[in-house]
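So the structure is just underneath, and the comments pick up after that.
What follows draws every value from the coordinates through simple rules; no lab data is involved. A quick note: this is a predicted structure, and the numbers were derived from the prediction, not measured. We place every Cβ from the backbone using ideal geometry, glycine too, and count neighbours over all the protein chains shown.
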Amino acid sequence: MLIRRTERQARRSGLAAFAGQSDRGFDRRTFLQRSGLVAGGLATLGALPLVSVRKAQAGPPPAKGAAVEIKKSICTHCAVGCTVTAEVSNGVWIGQEPSWDSPINRGSHCAKGASVRELVSGERRLKYPMKLVNGQWTRIKWDQAINEIGDKMLEIRQKSGAESVYWMGSAKMTNEASYWMRKMGAYWGTNNTDHQARICHSTTVTGVANTWGYGAMTNSLNDMRNAKTLIYIGSNAAEAHPVGMQHMLESKELNKGNFIVFDPRMTRTAAHATEYARFRPGTDIPVLYGMMWHILKNGWEDKEFIKQRSYGFDDLRKEVEKWNPEECERVTGVPGAQMERIAKKFATEKPATIIWCMGQTQHSVGTANVRASCIALLMTGNIGKPGTGANILRGHDNVQGATDVGLDIVTLPFYYGLTDGAWHHWARVWETDYDWLVSRFDDKKMMNTSGIPLTRWFDGVLLPKDQVAQKDNVRAMWVQGHASNSITRIPESLKGLKALELLVVADPHPTTWASLAVKAGRKEGAYLLPVATQFECKGSRIATNRSMQWADPVVKPIFESKDDLEVMYLIAKKLGFADKMFKNIKVENNLPVAEDILREINRGSWSTGYCGQSPERIKAHMANQSKFDLVTLRAPKDLPDIGGDYYGLPWPCWGAPEVRHPGSFILYNHTVPVMDGGSGFRARFGVEREEKLPDGTTRKVNLLADGVYPPGSEIQDGYPEFNYGVLKKLGWDKDLRPAELEVIQKIGGDKADAVSWSTDLSGGIQRVALMHGCAPYGNGKARMNAWNLPDPIPVHREPIYTPRVELVSKYPTLPDAKQFRLPNIGFSVQKAAVDKGIAKDFPIILSSGRLVEYEGGGEETRSNPWLAELQQDMFIEVNPADASSRGIKDGAWVWVTGAENAAKAKVKALVTERVGKGVAWMPFHFGGWFGGDDLRANYPQGTDPYVLGESANTITTYGYDPATGMQEPKVTLCQIKAA
Amino acid sequence: MARMKFLCDADRCIECNACVTACKNENEVPWGINRRRVVTINDGKPGEKSVSMACMHCTDAPCQAVCPVNCFYTTADGVVLHSKDLCIGCGYCFYACPFGAPQYPKVGNFGSRGKMDKCTYCAGGPEADGSAEEYAKYGANRLAEGKLPLCAEMCSTKSLLAGDGEIIAQIYKERVVKRGYGSGAWGWKTAYRETIAS
Amino acid sequence: MNTFVARLRIFVTAFALLLLAVAGSPVNAQQPQRVDPQADAVKEEQLLQQLQVIKGRGTIPDVKSYTLEQPAGRDWRHFHEVTLRWIGGIAILGILALLVVFYLWRGMVRIESGRSGRTIVRFNAFERFVHWMTATCFIILALSGLNITFGRPLLLPLIGLEAFSAWSEWAKYAHNYLSFPFTLGVILIFLMWIGGNIPNRIDVAWFTRGGGIVGHDHPPAYRFNGGQKMIYWIVVLGGSAAAISGYVLIFPFYGTDVHSMQNATMVHSIVAMLFIAAMLGHIYIGTIGMQGAFEAMGSGTVDVNWAKEHHSLWLQQEQARATGSNQSQARPSATPAE
């Protein structure tokens, strides 16, 4: 039976017609076909030499005798940070191997990670620059594209001012590129620079940072292995962070842990839960308060922790007491007994952690949601220790990094904010004249004014001029790596697409910006620039756990694609400020050197502790991945280069690289010395606060930690953040080196005492603080009461579109207000919806979320045949009861209609009990259809993704978080009919 | 010699489809051919379980038994492979296979359904190990390089195990003992006529 | 068939589960269902015992792939490897053995009164064309079909893997494409000869008198005697069954699942084996079994004495019609038959 090899080799293959034949060794014709160039006609290829159209040939095995090189990169699809190991031969990526050495993914990938090799053969990629000419996409050259775009931008700047150009960046770029994009905004003269974090975790960043200092995941996926109780509220890790699930499931197994999932959907994560609680979308705060109610009633709270390390507990108690089990069940649907059971496990079976993602953030109450989660952790002392914490799972591969480097409308890089001080700091780092920067803005006031959130770019274009608080409406969009279909209210964004004067999309794919722009009726003034994927670029990215990882390019940019940084260099040159902007950066063949940019970041990022993460240290980590411990992520102390470091130097990594701070594996962990990554909460909110008492008097309350401090701290209590003045008081100023002192005095001038740990470019203040066992940012309390937020204590507010109209009067959304240059009329919209009885016509709650196969707007992943095959149709999950009452069969086409703009979408029904009765759910990754029309013809030929479908956001509606401008795609109303 | 097997720990499987795309990637399997797939039982209901399934490389393989032209062979590692040169595309192996493993490039039967394609346990086919011909017809031959199937190597939660049957059974047993539950080694009774006590 | 029972059980179980789900679903939509997946975790063993097949949900369009396990494949394999070979072997070898024994015992059935030298048209050109088209197809279909069941043990060892595979592939093409003329033939046979093949009382007498083959009797018969009618109905019914089940196999999974496909192969192969056996008998009697019989499908004319002995009533009819219609239709000819 066994066929022997010898016998087999001798056989001729007479009948070998095999459909799966791979495509190696193709001739020129096949080559062109596979490049998708034939589709556009050879004519368009014109006289361009083939060499400029680099096509990565697919296909292992390597040619005989060809060397195979191993290159490491980082997966571009989510923030888990999986290492990708590529086998490259003759410049062609021929195979992917498991990355066993990475302590994060240990060889594993999800569907997306296991298919990334396809991205650089990229059959459906945008291959060369294109321009919309009379409604047709036409090939142009890079020079022409940059020239025309630049001229138009300068023209708009002349006419409407700098603020009329909107710079939309990406969480998929490296730290270096997203930092540079933010810098572009500054040098161009606008704060209208934003990226995906706006629609992802902007509410987390704001809410969490306002609680305890930094708005990032406090612990890590690896550390979850220490947890006894894991509570998921607003996270479907199984689909959104599959490799993270490896650590979580092992934690559940090894610790016989509680795996508790709160979710409106019975998700793939819930399938592994030890306890699953279904609740109504948009009631996260009542759920969390309902849990806290039981904790307080039974005295399960951590009283010592509350006293020593938190502020505002009494205010909180008042709010929690309103959420007795009856009210909680009435609003959320979760029965009291189940709530009590979960509360007990959370509060008593420690360590416990709360895991969340966009389920909490994408609401008009997103900031309050995440604050409630933080408060639950504070109340039970589940923060700052192994196995505890706010395990906030970020979405894109570098969304944490892009946020930190300030590609954002509210701050300069590293959360310095938008103040004169911040501008001066960065002007010093950039070695650019501050006054020149001022001159770039329409006026100095705008310099310190937050920009328009990208969720509302089209409102910036469309609203009457007097409602947009800048010189003129938005006239031009530069979009580098952001989807349009992940933003809500697509019918209105369509109008915005029509009204724009200039649309530039720099992306590996044309994206829905292209197809919808044509749909909107645009004929001219749109450009598509092919940008390389991160597998063709070099640089660092930050994983969800704040670890920085370095990626080398696996292959050179394919076709005519360019590195993000090269594109920015070219446009900066065209716009006339490249010399100033690239002052300290080496540029090779138009490509800025990523290492130089990271060094510039190191020099300026004291506030967030990116200062210690030099390219050399990070590269050493990548080279020695196997040395780091699986659970603690720490390398043994005796190793050269990386000894004692935590993997990827999770920020804050204090001091200059030479200080060799190991990074902070767990934030606010006061049980380990600062030089081992310990610290208290950041003393960000002052030293004390004056509280008004009911009798009209005031009292001062201490905001610094109360008797707790990391081991080895020479200050054995809470302390404020360090500045030169504090050092002097402590007598530690004599520890400063002369060179450091000189820098401090140069920065501070006559106010040298105010030069702080975050503005001292010498790093001396940080070094001295560390020397004495102190965290540079102080040792403060976390705030349960964040007095500067719209709701200092989180308050439940019904979604803008809610089916429970009877609850709106008791739990209304916040009043209309002007935020981020635009009016937020959520209150009026909510009131109108109730008055008009929208909930009667649109009785089904619609939520949206992720599929494991796709990412973000999905154009890239839907263009990958290995992934696209797995999800070929846009669908809506409908409960069997809702389906049968509407005569809808599983797999049949249905029309979903939305509450605004007569929005409609034709999708397939997936009849399932994953969703409860009265709730429907759609994935948000689809695009390329609109209102039942297939827009395939609107893509440049050969660049249309394999799978197209209606966007969920065609149906989603108004609703913006007042603190961040976050949209509300997680809860709206819809109606479903059989098609 | 080791007897190679697959084991999907359904208590770990999260239907992430990494195994599916890893297979596509490693073997450049064309659209429409699904050597591996993930099936979710009791979807959205209590007791939901997802299981990744491909050719289990059965002991006394039914496909091999029913093939009219005897195109299958079992390697010394217990991997069930076939020769596409010999296959006549009759479809019988699919009827006999308990796991729905055989795939055909054409849906109809006119003339032929095309050469059957299935999971090779990343062990290629009858051609010379690692040759271009072998890759074109069967995909990668990782086993010859001392590596295991990529689907299992890349599994996001270490749910899908591949390797010597005794070793992976031992791993699974230890897991079940440690965590206290296990829904069984899916397909083992059918494929290997053995179960792992849980 | 046990798969049918299995399917019924699936249906019943699914229905019961549905009832349970309906009964268990909460009145208020927003009320959560408490779910502890661990407690309700399904186990493979239970599912297999309850349902015989494990199905779930997938995302690719290939719905077949949603079936996780179908151990029924094992039964089908046993059928294919063992049962069918026994059925086929017994049927075909059995009938061959019977024919040999019969031939040795009875020898060729002669025209007892000897050839008259006068012939009569029994089958016209069209009828003969249809017969031979069908017959040719049948023989190729039979051989290529038998190859699937018996080729591997019998032929493969003789000619080797490559040659056998090449032959089998061509055989398979032939099997698929010749199914069309064969089916057409069966339909035409059905239409052409249905008139003479309705069973009647004379057939009973014919059978009770051994058809004139067992002894030396000559029971009367019209154009088709009882035996021929039997063959006719075997061809029509067996041919239809083989054709229908065959087309199910040619268009796999068009409205069928793997169970239907398994059932189709079982029906097809059993019918085919019996069909082949029956046709061996037909061939025997049409060739060496009976003097003068082959001519009916050969030249289309038979000796009048042959007709008198085997189809006396038909001959009378023909002769009556010939006289009645001035010998225009069936004209006994003076020329010798051969």
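Each of A:Ser863, A:Ile876, A:Ala833 was scored by the projection of its Cα onto the charge dipole of segment A:833-928, and the greatest displacement toward the positive side belongs to A:Ala833; charges sit on the C-beta of Lys, Arg, Asp and Glu. When peptides C:221-230, A:190-199 are sorted by average Cβ neighbour count within 10 Å, with the highest value leading, the order is A:190-199, C:221-230.
Both radii are taken from the alpha-carbon atoms of the protein assembly as shown; with Rh as the Kirkwood radius, Rg/Rh is 1.08.
With 28 Å as the limit, the listed pairs A:Lys519/C:Lys64; A:Lys72/A:Lys580; A:Lys183/A:Lys562 have A:Lys519/C:Lys64; A:Lys72/A:Lys580 beyond it between alpha carbons.
Here the label points at A:Asp596 and B:Ala144, each 7 Å from Cα along the C-beta direction, are separated by 4.8 nm in the simple model. Close amide-amide hydrogen proximity is noted between A:Val474 and A:Val461, each under 5 Å apart and 5 or more residues distant or on a separate chain (H modeled in the peptide plane; Pro and chain starts excluded). Helix B:18-27 and the long axis of chain B differ in direction by around 30°, with both axes built from C-alpha atoms.
Packing order of peptides A:160-167, A:566-573, A:429-436, A:312-319, highest average first: A:160-167, A:566-573, A:312-319, A:429-436 (average count of other Cβ atoms within 10 Å over each peptide's residues).
Sequence-ordered 3J(HN,Hα) estimates for segment B:8-13 from the Karplus curve with 6.51, -1.76 and 1.60 and θ = phi - 60° stand at 9, 7, 5, 7, 10, 5 Hz, glycine and proline given as x. Counting Cβ atoms of other protein chains within 10 Å of each Cβ in A:865-876 and taking the mean gives 4.
Longer than 32 Å from Cα to Cα, which of A:Lys970/B:Lys45; A:Lys345/A:Lys692; A:Lys127/B:Lys137; A:Lys583/A:Lys746; A:Lys538/A:Lys818; A:Lys385/A:Lys751 are they? Say none if no pair is. Too far apart for the 32 Å limit: A:Lys345/A:Lys692; A:Lys538/A:Lys818; A:Lys385/A:Lys751. Please find the FRET efficiency linking C:Glu112 to C:Leu191, where r is the Cβ-Cβ separation and R0 is fixed at 41 Å, and quote it to the nearest 0.05. The value I calculate is 0.75.
Its relative contact order, with pairs defined as Cα atoms under 8 Å and 6+ residues apart, puts chain A at 16 percent. Straight-line cross-link reach from A:Lys586 at under 16 Å between alpha-carbon atoms covers these aspartates and glutamates, not counting any fewer than eight positions away in the same chain: A:Glu176, A:Glu431, A:Asp563, A:Asp564, A:Glu566, A:Glu595, A:Asp596, A:Glu600. A:Ala240 sits among other residues whose Cβ lies under 11 Å from its own Cβ, and their net charge, with Lys and Arg +1 and Asp and Glu -1, is +2.
A simple spin-label model places pseudo-atoms 7 Å from Cα toward Cβ; at A:Ile715 and A:Gln158 they are separated by 5.5 nm. When peptides B:36-49, A:748-761 are sorted by average Cβ neighbour count within 10 Å, with the highest value leading, the order is B:36-49, A:748-761. For B:Asp9, the residues whose amide H sits under 5 Å from its own are B:Leu160, B:Leu161, ignoring neighbours fewer than 5 places away on the same chain, with H placed 1.01 Å from N. Residues of A:114-120, mean number of Cβ from any other protein chain within 10 Å of their own Cβ, rounded to a whole number? Across the residues of A:114-120, the mean count of other-chain Cβ atoms within 10 Å is 5.
Based on a Kirkwood Rh over C-alpha pairs, give the Stokes-Einstein translational diffusion coefficient of segment A:752-830 at 37 °C and viscosity 0.692 mPa s in µm²/s.
Approximately 195 µm²/s, per Stokes-Einstein.
For chain A, the cysteines with no partner cysteine C-beta closer than 4.7 Å are A:Cys78, A:Cys200, A:Cys328, A:Cys357, A:Cys374, A:Cys537, A:Cys611, A:Cys653, A:Cys774, A:Cys974. Computed from backbone phi with θ = phi - 60° and the Karplus coefficients 6.51, -1.76 and 1.60, the 3J(HN,Hα) list for segment B:144-161 is 5, 8, x, 10, 9, x, 5, 4, 6, 5, 9, 3, 5, 10, 6, 7, 7, 10 Hz; x is used for glycine and proline. Projecting label points 7 angstrom from Cα along Cα→Cβ for A:Asp735 and A:Ala892 puts them 7.4 nm apart. Computed extension length for A:Trp100-A:Ala67: 9.7 nm, one decimal, from 0.36 nm per residue of separation with the Cα-Cα distance subtracted.
Dipole size of segment A:180-331 about its Cα centre, with +1 on Lys/Arg Cβ and -1 on Asp/Glu Cβ: approximately 280 debye, rounded to the nearest 20. Summed over qualifying helices (DSSP H, 4 residues or more, each -39500 (n - 2.57)) and divided by its residue number, the protein assembly as shown shows a 222 nm mean residue ellipticity of -10500 deg cm²/dmol.
Sorted into 10 angstrom bins from 0, the C-alpha pair distances of segment B:4-192 split as 9, 37, 37, 14, 3, 0 percent. Residue by residue along A:276-287, Cβ atoms of other protein chains within 10 Å of the local Cβ number 2 on average.
What does the net charge come to around C:Lys308 if you take all other residues with beta carbon closer than 15 Å to its beta carbon, with K and R at +1 and D and E at -1?
Spelling it out: positives minus negatives among the neighbours equals -1.
Sequence gap at least 6, Cα distance under 8 Å: using those rules, report the relative contact order of segment A:218-392 to the nearest whole percent. Computed value for segment A:218-392: 33 percent relative contact order. Proximity of backbone amide H atoms, modeled 1.01 Å from N, is registered between A:Leu910 and A:Ile876, A:Glu877, A:Val878, A:Gly891 at under 5 Å, excluding neighbours fewer than 5 places apart on the same chain.
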